[in-house]
Amino acid sequence: MARTQVLKTINLKLLTVAATFLVILLHTAAIPFSYFHLAWSVSVMYEVLGRTAFPLFLLIAGYASLNKNESLLSTLRVRVLNLVIPLIVWSVIYLVYNEYVNENKAPISILALLSTPAYPHLWFIYTMILLYLVTPLLNTFIQNGSRQRVNYTLTVWFVLASFYMLLDNVKINLLEGHHIPTPSNIDMVVYLSGFYILGGVIRRFKVNPKVTISTIVFILSAILTAVMTYSLSISTFSPNKVFLFYSAPTLVVVSLAGFFMLLNARFSYSQWVLNLIRTLSRLSLGIFFVHIMVLETLLRELSINFEGYNSTLTIPLVSVACFIISAAIVWLLRQVPWLRRIT
């Protein structure tokens with residue numbers, strides 16, 4: 001039992017590294033996904049895989065943070081402040097970057113930053129902060145709630161935040177012909193909270209499906225999501241994200257299956273691989289913050305074209321290059337003691 005727990009702890013770190021890479025893959029694939037071209041179908045598959053990144057982060061966070069006897073003060077000091085301080089610093093960095101590198105001269109409102117991120121990818125940090133603020137309440141519920149009550153809560157979340165949300169998006173986008181509105185930070189917390197709660201529930205009730213089954217479900221549900229997205233986009237004459245919202249039903253299945261697939265895997269790690277996973281896991285927050293600047297610089301300087309079927313290789317290769325450069329930058333920043341707090 002002890003060895004199994006140690007292996008799961010290592011696998012959680014591997015999941016963190018995988019989710020960090022998938023964020024980069026998502027942002028790389030988003031460019032060729034945004035318009036039709038010869039190899040557009042390739043970008044669809046990478047887009048689907050990348051879309052699991054944020055649900056995976058939430059499942060990992062819930063697994064690690066919930067079902068713990070942690071004081072309110074400890075939660076606020078350790079979890080919330082560890083995100084608020086980096087968010088403030090990186091928001092300033094991205095405001096400067098946006099003005100002087102992207103030459104965006106739009107006026108800056110400090111009050112607007114309370115609800116609107118300085119750069120698009122930072123929305124997820126707002127969501128995590130809000131979830132950590134309610135973690136003491138969720139902890140009490142998960143530790144003391146019966147299996148029946150927990151299952152009921154998750155069922156309600158899935159029906160409202162996943163299935164109903166999908167139907168609402170179909171109505172707005174396909175029937176009424178409008179763009180799907182961008183959710184507010186509070187909306188995103190509601191839509192994605194189920195993943196966070198699921199992480200804690202999986203740990204408390206020791207939910208451990210077989211790796212083989214998880215792998216098969218992951219592959220089939222990822223292919224299904226890609227096929228539905230491709231078919232809908234072709235029929236509507238433009239790339240369509242109705243099936244790609246983070247809590248969309250098939251993406252819930254893909255994300256959960258991917259989480260179980262790696263969490264319960266019986267990998268045999270050599271010592272250097274263990275050290276690499278632990279190091280990259282520690283760098284993951286910093287990589288998340290810095291990777292957009294690295295990715296945009298790579299794309300700007302290299303003028304990479306994703307429109308041919310060579311994008312099957314170029315999309316992941318650019319993502320790997322961005323991941324490695326971002327990790328190196330964050331590792332160097334962490335050598336300066338006072339910069340560790342923001343990476």
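The values are calculated or read from the model by the stated rules, or taken from the named source; none is laboratory data. In this text the structure is predicted, and so the values were computed from the model without any measurement. As a convention, Cβ positions derive from the backbone with ideal geometry for all residues, glycine included, and neighbour counts pool all protein chains shown.
Summary of values
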| item | result |
| --- | --- |
| Among (1) exposed (fewer than 13 other Cβ atoms within 10 Å of the Cβ); (2) part of a helix (DSSP H, G or I); (3) among the aliphatic types (A, V, I, L, M); (4) at pLDDT below 90 - the single one V96 does not satisfy | (4) |
| Test for R149: is it surrounded by 15 or more Cβ atoms within 10 Å (Cβ to Cβ) and basic (K, R) | no |
| One residue from R79, R51 being among the basic types (K, R), closer than 22 Å to L285 by Cα and touching a Leu at 6+ places or on another chain (Cβ under 7 Å) | R51 |
| Near pairs, Cβ below 8 angstrom, 6+ apart or cross-chain, from the stretch 246-264 (at positive phi) to any residue that is of a type in the set (S, T, N, Q) and in a loop (DSSP other than H, G, I, E, B) | none |
| Candidates K171, K206, filtered to the one that is outside any helix (DSSP H, G or I) and of a type in the set (D, E, K, R) | K206 |
| Per-region count, the stretch 1-57, residues surrounded by fewer than 24 Cβ atoms within 10 Å (Cβ to Cβ), of a type in the set (K, R) and in contact (Cβ under 8 Å) with a residue 40 or more places away in the chain | 2 |
| Members of the stretch 246-269 found to be of a type outside the set (K, R), surrounded by fewer than 20 Cβ atoms within 10 Å (Cβ to Cβ) and not in a helix (DSSP H, G or I), listed by number | N264, A265, F267, S268, Y269 |
| Failed condition for L220, given (1) part of a helix (DSSP H, G or I); (2) touching a residue at least 12 places away in the same chain (Cβ under 8 Å); (3) surrounded by fewer than 22 Cβ atoms within 10 Å (Cβ to Cβ); (4) not small (G, A, S) | (2) |
